Ligand SMILES: NC(=O)c1ccc[n+]([C@@H]2O[C@H](COP(=O)([O-])OP(=O)(O)OC[C@H]3O[C@@H](n4cnc5c(N)ncnc54)[C@H](O)[C@@H]3O)[C@@H](O)[C@H]2O)c1
């Protein structure tokens, strides 16, 4: 039986992070070749690449890339195209978060976060879209946003602003790329019990307890649940959804 994304290539930035890995595994299970980048060196990626190949038998490619460097992102996407074929499933996932209020955050911290989370997202999505338009293959772009774009987060201002920027970037690209059969959407999770939140909660368990009490559905989100929504938006039978935000926050933003 043929798999949903057989003969397609997915690229995922921040692919060694918790959500990036879950998305990679989900695409690999459905037959996609996997092109990853992250800030870690190749030796740190080897174990995960081996797992993708052994469990799903899909070809993989990894490069150490800082997404805030436009030239490096462009080179990575070019190399993925050469090694695995043109990427048609573009998952813009890399991000970083600094905990510091507005009066505390330094200029360097602010710039770094905007450069990685927003500018890096733009470099990847723009270059991937250029490849797709040139080849006339069509495709799907999914930005991993956050419910933080829906509400003021006093302790992470740069993160919230970068995710709010991603929302309009996604909508702008959706309108311009629609005639090229490229659908562009955003998945915006609430509290995921892993990755960026997981790291913060490990250091501050009291914040984890407070967070759990705030979610109206009373549940944290798993990384596989995020991956499921990404794959849903990329499915070939989705031909209408574009420019949307799939907000999966258990009702958190309703309280704000
Ligand atoms: N964990 C959550 O609760 C949560 C909630 C909402 C949204 N998100 C979003 O999910 C996405 C994935 O985050 P995660 O929770 O898996 O965290 P994570 O830290 O596990 O993964 C992020 C990955 O991005 C990589 N990265 C950071 N800076 C980079 C750079 N300059 N260039 C390339 N790669 C870089 C990191 O090395 C890491 O592997 C992010 O966009 C994040 O904003 C997470």
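The values are calculated or read from the model by the stated rules, or taken from the named source; none is laboratory data. All values reported here derive from a predicted model rather than from experimental measurement. Reconstructed Cβ throughout: ideal geometry from the backbone, glycine too, with neighbour counts over all protein chains shown.
A few notes on this one:
- Unmet requirement for residue 140, which otherwise passes all of (1) without any contact (Cβ under 8 Å) to a residue 24 or more places away in the chain; (2) outside any helix (DSSP H, G or I); (3) closer than 19 Å to residue 166 by Cα: (1)
- Look at (1) in a helix (DSSP H, G or I); (2) closer than 27 Å to residue 245 by Cα; (3) within 16 Å of the ligand (Cβ to nearest atom) and you find that residue 133 fails only one, number (3).
- Residues considered: 131, 136. Of these, the only one that is out of contact with any helix residue (DSSP H, G or I) (no Cβ under 7 Å at 6 or more places or on another chain) and either modelled with pLDDT of 95 or more or at negative phi (or both) is 136.
- The set of residues in region 178-203 being touching a helix residue (DSSP H, G or I) at 6+ places or on another chain (Cβ under 6 Å) and assigned to a helix (DSSP H, G or I) consists of 180, 195, 201.
- Among the residues of region 211-226, the ones that are closer than 19 Å to residue 23 by Cβ and out of contact with any strand residue (DSSP E or B) (no Cβ under 9 Å at 6 or more places or on another chain) come to 1 in all.
- Subset tally (residues that are assigned to a helix (DSSP H, G or I) and within 12 Å of the ligand (Cβ to nearest atom)) for region 208-223: 3
- Test: residue 165 is within 13 Å of the ligand (Cβ to nearest atom), surrounded by fewer than 20 Cβ atoms within 10 Å (Cβ to Cβ), assigned to a helix (DSSP H, G or I) and within 15 Å of the chain's Cα centre (by Cα): yes
- Looking across region 105-126, the residues that are more than 16 Å from residue 172 (Cβ to Cβ) and under 18 Å from the mean Cα position of the chain (by Cα) come down to 112, 113, 114, 115, 116, 117, 120.
- Looking only at region 90-115, and only at residues there that are surrounded by fewer than 17 Cβ atoms within 10 Å (Cβ to Cβ) and in a helix (DSSP H, G or I), the one that is nearest to the ligand (Cβ to nearest atom): 112
- Segments classed as strands (runs of 3 or more DSSP E), wholly inside region 1-87, with at least 2 members that are without any contact (Cβ under 8 Å) to a residue 60 or more places away in the chain: 33-38, 60-64
- Criterion: surrounded by fewer than 21 Cβ atoms within 10 Å (Cβ to Cβ) and in contact with a strand residue (DSSP E or B) (Cβ under 9 Å, 6 or more places away or on another chain) - qualifying residue of 183, 175, 132: 175
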